[in-house]
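*Asks:* Just dropping this structure here.
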Amino acid sequence: MDRLKKCLLSLVFLASCFILTAQADIASTSPIGYWKSIDKATGAPKSIIQIWQTPEHVLMGKVIKTYAKDRDAGTVILSGLKQHADINQWREGKLLDPDNGRTYSCSLRMAENGKKIKILGYIGIPLLGRSQTWERVDLLSE
């Protein structure tokens, strides 16, 4: 009987390890969470953006913290992003530039095992767009 219990405990342990590993892989490929945008020119943080998924499986993002005194939090800057066949890409979205109020088409791609995302904003064709890299952050440490 002891041998059977040990065997069952080992199976439960292995199954738990498998589930936790699978959840970590899903988290690393999901842009859902909190991201810090960085000013390309200065390297200083600009804002913290929360990305979430709607019931229609569309990604949205809003500024929840800003490092500049002249910016407002709460502004939705990402909308309409739909997951592409490549699990690490979302396309057909819109990106609002809070500095000038313009809206651009955009796509999003996961990078560095989910530690960063690359946002491409463009008018017309993506080839002529500009990209930004956002870093995943732990909201409690910011």
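FYI, it's all coordinate maths here, none of it is from the lab. These numbers come from a predicted model, not from an experiment. Backbone-built Cβ (ideal geometry, glycine too); neighbour counts: all protein chains shown.
*Asks:* I'd like the Karplus ³J(HN,Hα) series for the range 70-78: coefficients 6.51, -1.76, 1.60, θ = phi - 60°, whole numbers in Hz, and an x wherever there's a Gly or Pro.
*Replies:* 8, 10, 9, 7, x, 6, 7, 10, 10
*Asks:* Arranged from highest to lowest average of other beta-carbon atoms within 10 Å per residue, in what order do the peptides 111-121, 69-79 appear?
*Replies:* By packing density, highest mean first, the sequence is 111-121, 69-79.
*Asks:* Kindly state, as a whole number, the per residue volume in cubic angstrom of the convex hull around the alpha carbon atoms of the range 81-133.
*Replies:* Roughly 83 Å³ of hull volume per residue.
*Asks:* Moving on. Relative to a virtual label point 7 Å from the Cα of Glu135 in the Cα→beta-carbon direction, which members of the range 61-102 show backbone nitrogen distances below 18 Å?
*Replies:* The answer is 64-68.
*Asks:* Sticking with this structure for a sec: Can you pull the one-decimal nm distance between simple spin-label points at Asp72 and Glu56, each 7 Å off the Cα toward Cβ?
*Replies:* So the label points at Asp72 and Glu56 sit 2.4 nm apart.
*Asks:* Could I ask something else about it? In the range 57-105, which chymotrypsin sites (Phe, Trp or Tyr not before Pro) are in a loop and have at most 15 other Cβ atoms within 10 Å, using DSSP for the loop call?
*Replies:* Tyr67
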